[in-house]
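Reviewing the structure listed below.
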Amino acid sequence: MRIADILTYKGRTVHTVFPYSDVEAAVHALHGAGVGALLVCDDDGKICGIVSERDIVRALVTRGSQLLRTSVADIMTRNVATCGPDDSLTHAMAQMTRDRFRHLPVLDKGELVGLVSIGDLVKHRLREMELQTGVLRDLVIAKS
């Protein structure tokens, strides 16, 4: 299975925030969209970083109640790994596990076309394994 297959199933919507937005706006955007991370993009749509629930919790420890008025740029993760639509599910899962992040923007020829989470990947991998199990069970039953 490829990343493009997952995007076809889940959709290509990517929730974003500007780097100059404050953390309070990002928190409301996360909650409103029901997602765990927002891509941080500049006015031209170029990826500057990513801000996740984890980034916010970590910043809360050091910034306390001032955090909500802090800009997203001050707490975001700057070096954002990406993948392509033709990358395999296995490759993306290995990258996310190795580098310990949960969200991966998908770029096609430099253009943002989606975002996948580790939850998306696990869900589709489980579906793939269930299908394989069903095929093998049917094969065993047919041979009996």
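Here segment 43-65 is the region considered, the condition is being among the charged types (D, E, K, R) and closer than 25 Å to residue 118 by Cα, and the residue that is surrounded by the most Cβ atoms within 10 Å (Cβ to Cβ) is 55.
Across segment 90-144, the qualifying residues are those that are open to solvent by less than 50 Å² (accessible area, probe 1.4 Å) and of a type in the set (D, E, K, R), and the one among them that is modelled with the highest pLDDT is 120. Restricting segment 1-14 to residues that are outside any strand (DSSP E or B) and open to solvent by 70 Å² or more (accessible area, probe 1.4 Å), the residue that is farthest from residue 70 (Cα to Cα) is 1. Within segment 66-89, the residues that satisfy the criterion of being farther than 12 Å from residue 39 by Cα, of a type in the set (Gly, Ala, Ser) and open to solvent by 20 Å² or more (accessible area, probe 1.4 Å) are 71, 88.
The values are calculated or read from the model by the stated rules, or taken from the named source; none is laboratory data. Keep in mind that what you see is a predicted model, and the values were worked out from it rather than measured. For neighbour counting, all protein chains shown are included, and Cβ atoms are generated from backbone atoms with ideal geometry for every residue, glycine included. To get the accessible areas, we keep the full protein, side chains included, count just its heavy atoms, and leave off ligands, DNA and RNA. Shrake-Rupley method; radii C 1.70, N 1.55, O 1.52, S 1.80 Å.
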